[in-house]
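Report on the structure given below.
The values are calculated or read from the model by the stated rules, or taken from the named source; none is laboratory data. Here the structure is a predicted model, which is why all the values come from computation and not from measurement. Glycine also receives a Cβ, built like all others from the backbone with ideal geometry; neighbour counts cover every protein chain displayed.
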Amino acid sequence: MEAFGLLLHGFAVLLTWKTLVLMMVGLVLGIFVGVLPGLGGPNGVAILLPLTFTMDPTSAIVMLSCIYWGALFGGAITSILFNIPGEAWSVATTFDGYPMAQQGRAAEALTAAFTSSFIGSLVAVLLITFLAPMISSFALKFGPPEFFAVYLLTFCSFVGLGREAKHKTVISMSLGLLLAGIGMDTVSGNLRMTFGSPELLRGINFLVAVIGLFGISEILLTMEERLALRGHAAGISLRVVLGVWKDLPKYWVTLLRSSFIGCWLGITPGGAIAASFMGYNLAKRFAKEPESFGKGRIEGVFAPETAAHASGTSALLPMLALGIPGSGTAAILLGGLMVWGLNPGPLLFVEHKDFVWGLIASMYLGNVVGLVLVLTTVPIFASILRVPFAAVAPMIVVSCAIGAYAIQNAMFDIWLMLGFGVVGYVFKKIGIPLAPFTLALVLGNRAEDAFRLSMIGSGGTLKVFWSNGLVGSITTLAIVLLFWPVIDGLLGRVGWTQGARATSQ
Amino acid sequence: MSQTELEIVVDDPTAPEDDSPSVVSSATIEIVVCLLLLALAATLGYDNWRTGASWDATGPEPGYFPFYLAIILGGGSLYGLIAALLARRAARETFVTRAQARRVMAVFVPTLLFCAATQFLGLYVASFFLIAGFMRLVGKITLWKSLLTAFVFTAIMFVTFDVAFDVIMPKGPLEAALGR
């Protein structure tokens, strides 16, 4: 119950007027960003990050995480009212959410989406509250070999479990790791891959790359599509809200199942998309009349939303406890931690108690306030879509440029951002996933340091990664995951699993 | 469902036509990207080999880790190149149509000009021109609305970053004349 006391302390840190105001500002900005076409969670957080540079870390993370919650809530609005999923994990929400809106039950669908997001996040935050301190205190015993093994596990699971073509994941990841190595080598002090350029001396900043990859490239992609939209305007009345809430207990199995799926998949990288589809499919499979799904069934909104948000939130667990982000947005928050001078990893729980528990407390509070806020302001936010994209696009470009410049006060970074925008656009169109690149870029230096420190410690033998049970099993697991598609296929051939069918899909 | 229930309708008069001819196929772009990545991998790999990519008494030299990454990147790109060359005959998926390319360029070129202008005019003046110009020329929005929106947005940015949060942006002659 130590966690509970610390959590109360976290609330005490949080409950000042300044933080509460920042929280509201963050939520409003987040919903705004979530509703706008061509922007979503990670982009919004990346673009608004510079706002927080001059704040103290606690206020900064509270505001940023609220932007994130807001963006998640905002994504549901466009999915249901306009049939436009803002993010890949909102796709499953449109299956039943949009039909509900067409039947004039938009308010009901929105309430269901917001409520289930809230429940999903809440379950995940509870998990973080009790599990993160335990994992981080366990991880305090880790040495460089253990950390390298954990990084290896993260990278390998991306390659082995990702849905994209394997070689494209490998390309994306090795490119990210390589670019992370540009600049001064932290162990020896040598310069690497700078080719005599003073601009490259600083290295490629992770956040600059992210702003380009997600912000600029998203604008380019959005412009390709027809931007005309038609949808439903909806106001939510208290009566509808109470009506939906009254029926909630009937769906407790769906909610609980989706929460568990979400939490489980959220801890593994890139899980939110898989979680939302899995939540939806399982709800459909276990339903009494599965054929009614897709025609406006409220459970079809509950299931994916709960899973997606549980997963999006629990992605923060490995970020806080181990310094390994479980999602793109978590990676950006991690980049933020470094800007504020905090060193992500298990020591965070020891050295920056105020920060960690303030953040966890803000997850509780931000979700409650966010829920109330979206329920009351949906009509205003839905009408943001009336603003022509020709006005929104240049404003986003300007915000991106401000963000990129502010990180290191370098004009070069604005050009770099533009370059990454083009790279992101091309990569997305030919199916090279950006998440492994982002993760590799933010973790690259730390992974390399861990590797080299292990090598220095062991006198240069790779056996150090199997030197004790813990590090040995993590390393072995990493290698198994890397070759998982092959192993799964072999097992399927001898009839052990149904993997052959799953991998061929 | 009746049409009257639809309350929010936004039109897109300049939307790219669906039947626009393809400019380039995805397979071609994949080949180009893989070749570029292969060249990058070779350059970076060579640079790291030059720095020292072997082991010395204390462990790996500075170039060791990135050198092998460059090899992995090169391997991945080579595989991608071969896969794209083989797939090229089978499917001709469109990378971008002419109408789409025109629209993408309509954002990309102004953004490029904006970045260049930032260097000389400062970020705030450049963003005023970007927003006003884009709204007027690409969005075909009336001139006074474009100018007003650009001015208000730029002013809000200036007050938020420069005045309230002390985040300093590149500045040009206008700010100098105003004494900021």
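Only one of B:Val104, B:Val96, B:Val125 is in a helix (DSSP H, G or I), buried (at least 17 other Cβ atoms within 10 Å of the Cβ), among the hydrophobic types (A, V, I, L, M, F, W, C) and touching a residue at least 40 places away in the same chain (Cβ under 8 Å); which?
B:Val125
Surrounded by fewer than 24 Cβ atoms within 10 Å (Cβ to Cβ), in a helix (DSSP H, G or I), at pLDDT 85 or above and of a type in the set (Lys, Arg): which single residue out of A:Arg257, A:Arg285 fits that description?
Answer to the selection: A:Arg257.
Can you tell me which residue among B:Ala132, B:Ala116, B:Ala150 is more than 7 Å from chain A (Cβ to nearest Cβ), surrounded by fewer than 22 Cβ atoms within 10 Å (Cβ to Cβ), out of contact with any strand residue (DSSP E or B) (no Cβ under 7 Å at 6 or more places or on another chain) and without any contact (Cβ under 8 Å) to a residue 40 or more places away in the chain?
Only one candidate qualifies: B:Ala116.
Residue-by-condition table, conditions (1) over 23 Å from B:Gly52 (Cβ atoms); (2) in contact with a Ser or Thr (Cβ under 7 Å, 6 or more places away or on another chain); (3) part of a helix (DSSP H, G or I); (4) not hydroxyl-bearing (Ser, Thr, Tyr):
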{"site": "A:Leu179", "(1), (2), (3), (4)": "no, no, yes, yes"}
{"site": "A:Ile204", "(1), (2), (3), (4)": "no, no, no, yes"}
{"site": "A:Ile211", "(1), (2), (3), (4)": "yes, no, yes, yes"}
{"site": "A:Gly215", "(1), (2), (3), (4)": "yes, no, yes, yes"}
{"site": "A:Leu221", "(1), (2), (3), (4)": "yes, no, yes, yes"}
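Of all residues in the range A:402-413, which are farther than 14 Å from A:Val210 by Cβ and facing another protein chain (nearest Cβ under 9 Å)?
A:Ile402, A:Tyr405, A:Asn409, A:Met411
Looking only at the range A:143-187, filter to residues that are within 12 Å of A:Arg446 (Cβ to Cβ) and of a type in the set (Gly, Ala, Ser); which one of those is modelled with the highest pLDDT?
So the residue we want is A:Ala180.
Just to be sure before I move on: is A:Phe420 within 21 Å of the chain's Cα centre (by Cα) and more than 10 Å from chain B (Cβ to nearest Cβ) in the structure I sent?
Yes.
Considering (1) at pLDDT 85 or above; (2) buried (at least 17 other Cβ atoms within 10 Å of the Cβ), say which one B:Gly172 fails and leave the rest.
(1)
If a residue has to be facing chain B (nearest Cβ under 9 Å) and either crowded, with 18+ Cβ neighbours inside 10 Å or not in a loop (DSSP other than H, G, I, E, B) (or both) to count, how many in the range A:189-200 make the cut?
Residues flagged as facing chain B (nearest Cβ under 9 Å) and either crowded, with 18+ Cβ neighbours inside 10 Å or not in a loop (DSSP other than H, G, I, E, B) (or both) within the range A:189-200 amount to 3.
Can you name the condition, by its number, that A:Phe53 falls short on among (1) surrounded by fewer than 21 Cβ atoms within 10 Å (Cβ to Cβ); (2) at pLDDT 85 or above; (3) under 23 Å from A:Leu15 (Cα atoms)?
(2)
Which numbered condition trips up A:Ser90, out of (1) assigned to a helix (DSSP H, G or I); (2) more than 30 Å from A:Leu359 (Cβ to Cβ); (3) modelled with pLDDT under 85?
Every condition holds for A:Ser90 apart from (2).
Is there any pair linking a residue in the range A:135-158 that is more than 10 Å from A:Ala478 (Cβ to Cβ) to one that is outside any helix (DSSP H, G or I), with Cβ under 6 Å and at least six apart or on different chains, and which?
Matching pairs, first to second residue: A:Ser136/A:Pro346; A:Ala139/A:Pro346; A:Leu140/A:Pro346; A:Phe158/A:Pro269.
Restricting attention to the range A:432-482, report how many residues are more than 11 Å from chain B (Cβ to nearest Cβ), hydroxyl-bearing (Ser, Thr, Tyr) and buried (at least 21 other Cβ atoms within 10 Å of the Cβ).
So the count comes out to 2.
Could you pull out the residue among A:Ser136, A:Ser157, A:Ser197 that is polar (S, T, N, Q) and under 22 Å from B:Leu40 (Cβ atoms)?
From the options A:Ser136, A:Ser157, A:Ser197, the qualifying one is A:Ser197.
Would you say A:Ser136 is more than 14 Å from chain B (Cβ to nearest Cβ), buried (at least 20 other Cβ atoms within 10 Å of the Cβ), touching a helix residue (DSSP H, G or I) at 6+ places or on another chain (Cβ under 6 Å) and under 30 Å from A:Met455 (Cα atoms)?
When the stated conditions are applied, A:Ser136 passes them.
Would you check if there is a residue in the range A:76-96 being surrounded by fewer than 23 Cβ atoms within 10 Å (Cβ to Cβ) and free of Cβ contacts under 8 Å to residues at least 12 places away in the same chain?
Yes, because at least one residue in the range A:76-96 is surrounded by fewer than 23 Cβ atoms within 10 Å (Cβ to Cβ) and free of Cβ contacts under 8 Å to residues at least 12 places away in the same chain.
If only one of A:Leu238, A:Leu221 is out of contact with any strand residue (DSSP E or B) (no Cβ under 8 Å at 6 or more places or on another chain), away from chain B (no Cβ under 13 Å) and either surrounded by fewer than 21 Cβ atoms within 10 Å (Cβ to Cβ) or on the phi < 0 side of the Ramachandran plot (or both), which one is it?
Only one candidate qualifies: A:Leu238.
Only one of (1) at the interface with chain B (Cβ under 9 Å from one of its Cβ atoms); (2) surrounded by fewer than 24 Cβ atoms within 10 Å (Cβ to Cβ) fails for A:Ala393. Which number is that?
Condition (2) is where A:Ala393 drops out.
The conditions are (1) in contact (Cβ under 8 Å) with a residue 24 or more places away in the chain; (2) surrounded by 24 or more Cβ atoms within 10 Å (Cβ to Cβ), and A:Met278 fails exactly one of them. Which is it?
Here A:Met278 meets the rest and fails (2).
Give the residue, chosen from A:Gly215, A:Gly183, that is within 21 Å of A:Phe437 (Cβ to Cβ), more than 9 Å from chain B (Cβ to nearest Cβ) and in contact with a Gly (Cβ under 6 Å, 6 or more places away or on another chain).
One residue alone meets the criteria, A:Gly183.
Hey, among the residues in the range B:29-67 that are more than 29 Å from the chain's Cα centre (by Cα), hydroxyl-bearing (Ser, Thr, Tyr) and more than 7 Å from chain A (Cβ to nearest Cβ), which one's surrounded by the most Cβ atoms within 10 Å (Cβ to Cβ)?
B:Tyr64
Could you go through the range A:117-126 and let me know if any residue there is on the phi > 0 side of the Ramachandran plot and either of a type in the set (Gly, Ala, Ser) or outside the structural domain of A:Cys263 (by TED's automatic domain parsing) (or both).
no
Please pick out the residue among A:Gly300, A:Gly262, A:Gly266, A:Gly294 that is in contact (Cβ under 8 Å) with a residue 60 or more places away in the chain and not in a helix (DSSP H, G or I).
None of the other options fit; the residue is A:Gly294.
Name the single residue, out of those in the range A:56-73 being more than 15 Å from the chain's Cα centre (by Cα) and more than 14 Å from chain B (Cβ to nearest Cβ), that is surrounded by the most Cβ atoms within 10 Å (Cβ to Cβ).
Of everything passing the filter in the range A:56-73, A:Val62 is surrounded by the most Cβ atoms within 10 Å (Cβ to Cβ).
Which of (1) more than 8 Å from every other protein chain (Cβ to nearest Cβ); (2) in contact (Cβ under 8 Å) with a residue 60 or more places away in the chain does B:Ala177 not meet, given it meets every other one?
The failed condition is (2).
Could you grab me the full set of residues in the range A:288-314 that are of a type in the set (Gly, Ala, Ser) and buried (at least 24 other Cβ atoms within 10 Å of the Cβ)?
Once the filter is applied, which keeps residues that are of a type in the set (Gly, Ala, Ser) and buried (at least 24 other Cβ atoms within 10 Å of the Cβ), the range A:288-314 yields A:Gly300, A:Ala303, A:Ala307, A:Ala308, A:Ala310, A:Ser311, A:Gly312, A:Ser314.
Looking at A:Gly366, A:Gly431, which one is under 24 Å from the mean Cα position of the chain (by Cα), in contact (Cβ under 8 Å) with a residue 40 or more places away in the chain and at positive phi?
Answer to the selection: A:Gly431.
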